[in-house]
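**Student:** Let me begin by handing over the structure; questions about it come next.
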Amino acid sequence: MSADDLLAPLDLAFWNIESPEHPMHLGALGVFAAQSPSAGAHGADLLAARAAAVPGLRMRIRDVWRPFDPVLPLDLRRPLALGGAVREADPDFDPHRHVRLHAATADFQTAAGRLMERPLERDRPPWEAHVLPGEDGLSFAVLFKFHHALADGLRALALAAAVLDPMDLPASRPRPAEPARGLIPDVRRLPGMLRGAVSDVGRALDIGASVAVSRLGVRSTPALAAPPTGTRRTAGVVLDLDDVHRVRKVVGGTVNDVLIAVVAGALRSWLDERGDGSEGVRPRALIPVSKRRPRTAHPQGNRLSGYLIRLPVDDPDPLGRLAQVRTAMDANKDAGPGRGAGAVALLADHVPALGHRLGGPLVSQAARLWFDILVTSVPLPSLGLKLGGNPVTEVFPYAPLARGQSLAVAVSTYRGRVHYGLVADGAAVPDLDRFAHALITEVETLITACGS
């Protein structure tokens, strides 16, 4: 076992907060235009064959129950291995246990919702690919599931791309070789390591205080909080990226600002329509921020922080909502992803491995106190994705649903279109399709308000 095999604290947190009602896996539903009636079955065979050759897909997660491992270099800022977990190659890896061909379906989203309910098996590499042939014979879909302890959004994308058809990507610059690390550290580094550890404690206290302050004066949103039922619904929405740019060019800001404001406006319409009301409602939205370097999927696991903003659901003016989102996002960017309540994920770095093991249920319960809804963006390559020559026409990302929360929103742009992927507790949000429609309506409302 090497130091790189040990799960990072945030990965370990995701591994330990999972429960049967709240599985911690990411998902992505790709819809393909079928070139033949057997395209789905052929695609399943290709996925299994290619998965066998991808090292990252052979990695399982194994718990560690010893306080010291002589292979790990001493690092005062690294948690002890006791209670932690490591990634290691599964000696019995069989890709056919991960790639599954299902019966034909007329509704990919309904099928995806049922499959997203099921936790991944924890005694083997935690990922699955479900191939769903379409009843019309003209299309098929593949639902990828990756445990959050295995990958964040960018890493999951890289793993999925490894089993799709090869793409002609620009050559990337070689990564500089990392210096070898000896088993005995250089004692000259110890003072700096101690100063770093003390600094980390202060930073942890600062983030914790920001979280507490962020909750003051926030009205709870019952529609976004619900007891766990373990059921899942998914829905997908496709918008024209040109429409989003039309709004952005008039009001300024970024595409992401507009997409977040669309969520705020859709929540307002949805809450009013279902009779819950939007007056005084300003839910806390967690906006994950990747700390992974562009064009790389290394190292493994998660490299995440986040921003936390209040969605101005109670503002009746669509342009006013967008202006507030833009102001909040600009303030977060000025502070950086390592500061403020949104950076609470970084607290995982300051908890010993055994603490993650014992405190996982408490952390899971605390998620509802931290934020009300997740709104995350997953970048996709601009080049067309294919499987067996069958092109991807739509891609819907799915985020995990935190305990006590009923709705999570993920969004990607792909080949000139915006794809919202929605995951909801099936019992708490039986009208997920209404929220999906509200997203479409909100874009039209913004275009009209801009005079475009």
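Read-outs: derived from the displayed coordinates by stated rules, not from any lab. Predicted model only: the values in this text are computed from it and were never measured. For neighbour counting, all protein chains shown are included, and Cβ atoms are generated from backbone atoms with ideal geometry for every residue, glycine included.
**Student:** Stretched out fully, how many nm does the piece from S19 to D136 gain, at 0.36 nm a residue minus the Cα gap?
**Tutor:** 38.5 nm
**Student:** Could you list, bin by bin from short to long, the percent of Cα-Cα pairs of the range 3-161 in 5 Å steps?
**Tutor:** The distribution over the range 3-161 is 2, 9, 17, 19, 18, 13, 9, 5, 4, 2, 1, 0, given as percents.
**Student:** To the nearest 0.05, what FRET efficiency results for T448 and A104 with a Förster distance of 45 Å applied to their C-beta separation? Walk me through the numbers on the way to the answer.
**Tutor:** Working: r = 41 Å, r/R0 = 0.90.
That gives a FRET efficiency of 0.65.
**Student:** Which value, in debye to the nearest 20, describes the size of the charge dipole of the range 3-161 about its Cα centre when Lys and Arg Cβ atoms bear +1, Asp and Glu Cβ atoms bear -1, and nothing else is charged?
**Tutor:** Rounded to the nearest 20 debye, it is 200 debye.
**Student:** Which one of S36, W127, A104 has its Cα pushed farthest toward the positive end of the charge dipole of the range 3-161, where Lys and Arg give +1 and Asp and Glu give -1 at the Cβ?
**Tutor:** Final value for the positive-end residue is W127.
**Student:** Reachable aspartates and glutamates from K249, Cα under 20 Å, same-chain residues fewer than 8 places away excluded?
**Tutor:** List returned: D240, D257, D317, D330, E442, E444.
**Student:** A further question follows. Report the charge-dipole magnitude of the range 88-139 in Debye, nearest 20, computed about the Cα centre from +1 at each Lys and Arg Cβ and -1 at each Asp and Glu Cβ.
**Tutor:** Around 100 debye, computed over the range 88-139.
**Student:** Okay, moving on. Can you give the extra length, in nm with one decimal, that the chain gains between A41 and D276 once fully stretched, where that is 0.36 nm per residue apart less the Cα-Cα distance?
**Tutor:** 80.1 nm
**Student:** Can I ask one more? Can you give the extra length, in nm with one decimal, that the chain gains between T254 and L319 once fully stretched, where that is 0.36 nm per residue apart less the Cα-Cα distance?
**Tutor:** 22.0 nm
**Student:** A further question follows. What ranking do E21, E135, E128 get, fewest neighbouring Cβ atoms within 10 angstrom at the top?
**Tutor:** Ascending Cβ contact count within 10 Å gives the list E135, E21, E128.
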